[in-house]
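Engineer: Please read through the structure below; I'll follow up with questions.
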Amino acid sequence: MWVLLALAGVIVVVAVVFRAFFPSSVSSVEASHPVTKAAEFAAFAPTIPNTVAAPAPSPEGMAWIPGGEFSMGAMDPPAADQVAMHGADDARPIHRVYVDAFWMDKTDVTNEEFARFVKATGYVTIAERKPTAEDFPDAPPENLVAGSVVFSPPDHPVPLNDHFQWWSYVKGANWRHPEGPKSNLKSREKYPVVQVAYPDALAYAKWAGKRLPTEAEWEFAARGGLAGKLFPWGDEFQPSGKWMANTFQGKFPMSDTAGDGHSGLAAVALYPPNGYGLYDMAGNVWQWTSDWYRPDYYQQLAAAAGVARNPYGPDTPYDPSEPNEQKKVHRGGSFLCTDQYCSRYVVGTRGKGEISTATNHLGFRCVRPAIVTNLSASK
């Protein structure tokens, strides 16, 4: 849900779900759920991939993910502090999961791919739609303007427990204008499409004859056959000094010094792929999954004992900090992730977001089951 606020005399619309993306150093959830000690949850066990060969032909732009059994969840990286990694509490306990084989897009859906979908269908994203008086009966008409949420770095140090210091609702921001009306997609054809809400991603996937991945499918794919590693490529953030993902360097949130070669969003597939041939499974943009979000879902799976087979998430969403919001799980982190604030580029960690909320650091990729009997919805 969206709430209308007045800030410094300027009317803006902001999402109450900001907490879903950007954890503060102290929250009501953490106060009631202390950080779990390492000894209190299970360790990672080896991944056991299926040995079935990939069926031919391979769908264009997709990688074969063999499926199998693996340990799902997260542990704190070495020397992690509470600000950077308190968000991992909902990614515990580590538990065993099995997923069937599937195909996954090698990259996040790009602007040029999304443009083809819009041209073919005439689809209008949520950020492009003007909010209605029926949805917001108490809002003055002049406040009902189409737009979306954009990262707006301050020019001075700010407390990291107030994300409103670096996020703004921008009139006219949408997938065609990711940072607002003055921005465009020129030379960004290969960038991941952003400013897409969950229904937007769902509509694209249906048109493409695909679907969004479950959270378990996403994590199995992101791990690339490795077991219990911090990142999709291993345990070192910069192996041999090499940048492996587009994240935030410098003083957050004021200045990204682009140590990894990019300040802000980058084109897809600029960094090495993981073991399954997938690009950007850490950093650049968050990715929607199909699972509803609950912080206790992993506890439910672990309590059932045995191996969870093809879990599709809880039946209903619940976030104690915002119990009335309907949230889906995000995965992968973004170009704003940093060990100063949010280290959710760590492969087992989780994000969350209200389904109608779009931002300029959130995208998606699709999957297709290994056996497909009806592709009538494909391009």
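The values are calculated or read from the model by the stated rules, or taken from the named source; none is laboratory data. What you see is a predicted model; the values in this text were computed from it and never measured. No Cβ is skipped: glycine too gets one built from the backbone with ideal geometry, and neighbour counts run over all protein chains shown.
Engineer: Take segment 87-127 and flag every residue that is among the aliphatic types (A, V, I, L, M), in a helix (DSSP H, G or I) and within 27 Å of residue 349 (Cβ to Cβ).
Structural biologist: Across segment 87-127, the qualifying residues are 88, 91, 126, 127.
Engineer: Please determine, by comparing only the residues of segment 117-151 that are hydroxyl-bearing (Ser, Thr, Tyr) and either surrounded by 15 or more Cβ atoms within 10 Å (Cβ to Cβ) or touching a residue at least 24 places away in the same chain (Cβ under 8 Å) (or both), which one is farthest from residue 265 (Cα to Cα).
Structural biologist: Among residues in segment 117-151 that are hydroxyl-bearing (Ser, Thr, Tyr) and either surrounded by 15 or more Cβ atoms within 10 Å (Cβ to Cβ) or touching a residue at least 24 places away in the same chain (Cβ under 8 Å) (or both), the one farthest from residue 265 (Cα to Cα) is 121.
Engineer: Another question, if that's okay. Looking at (1) more than 25 Å from residue 331 (Cβ to Cβ); (2) surrounded by fewer than 23 Cβ atoms within 10 Å (Cβ to Cβ); (3) in contact with a strand residue (DSSP E or B) (Cβ under 6 Å, 6 or more places away or on another chain), can you tell me which one residue 179 breaks?
Structural biologist: Against the list (1) more than 25 Å from residue 331 (Cβ to Cβ); (2) surrounded by fewer than 23 Cβ atoms within 10 Å (Cβ to Cβ); (3) in contact with a strand residue (DSSP E or B) (Cβ under 6 Å, 6 or more places away or on another chain), residue 179 comes up short only on (1).
Engineer: When you go through 168, 183, 187 one by one, which is the residue that is touching a His at 6+ places or on another chain (Cβ under 8 Å) and either free of Cβ contacts under 8 Å to residues at least 40 places away in the same chain or assigned to a strand (DSSP E or B) (or both)?
Structural biologist: When all the criteria are applied, what remains is 183.
Engineer: Let me confirm something: among 109, 118, 52, 97, which residue is over 30 Å from residue 138 (Cα atoms), of a type outside the set (Lys, Arg) and modelled with pLDDT under 95? First the steps, then the outcome.
Structural biologist: On the way: 109 fails: modelled with pLDDT under 95; 118 fails: modelled with pLDDT under 95; 97 fails: modelled with pLDDT under 95.
Selected residue: 52, the only one of 109, 118, 52, 97 that is over 30 Å from residue 138 (Cα atoms), of a type outside the set (Lys, Arg) and modelled with pLDDT under 95.
Engineer: Which number in (1) modelled with pLDDT under 95; (2) touching a Leu at 6+ places or on another chain (Cβ under 6 Å); (3) not β-branched (Val, Ile, Thr) marks the one condition that residue 290 misses?
Structural biologist: Exception for residue 290: condition (1).
Engineer: If you take the residues in segment 153-169 that are loosely packed, with under 15 Cβ neighbours inside 10 Å and under 21 Å from the mean Cα position of the chain (by Cα), which one is nearest to residue 263 (Cα to Cα)? Quick ask: steps written out before the conclusion?
Structural biologist: We begin by selecting, within segment 153-169, every residue loosely packed, with under 15 Cβ neighbours inside 10 Å; these are 154-157, 159, 161-162, 164.
With the extra rule that they be under 21 Å from the mean Cα position of the chain (by Cα), the set shrinks to 161-162, 164.
Values: 161: 23, 162: 22, 164: 21 Å.
Checking each candidate, the answer is 164.
Engineer: Tell me the residue from 334, 255, 321, 263 that is farther than 24 Å from residue 45 by Cβ and touching a His at 6+ places or on another chain (Cβ under 6 Å), please.
Structural biologist: 334
Engineer: Restricting to segment 217-267, name every residue that is touching a residue at least 40 places away in the same chain (Cβ under 8 Å) and among the hydroxyl-bearing types (Ser, Thr, Tyr).
Structural biologist: Listed by number, the residues that qualify are 247, 255.
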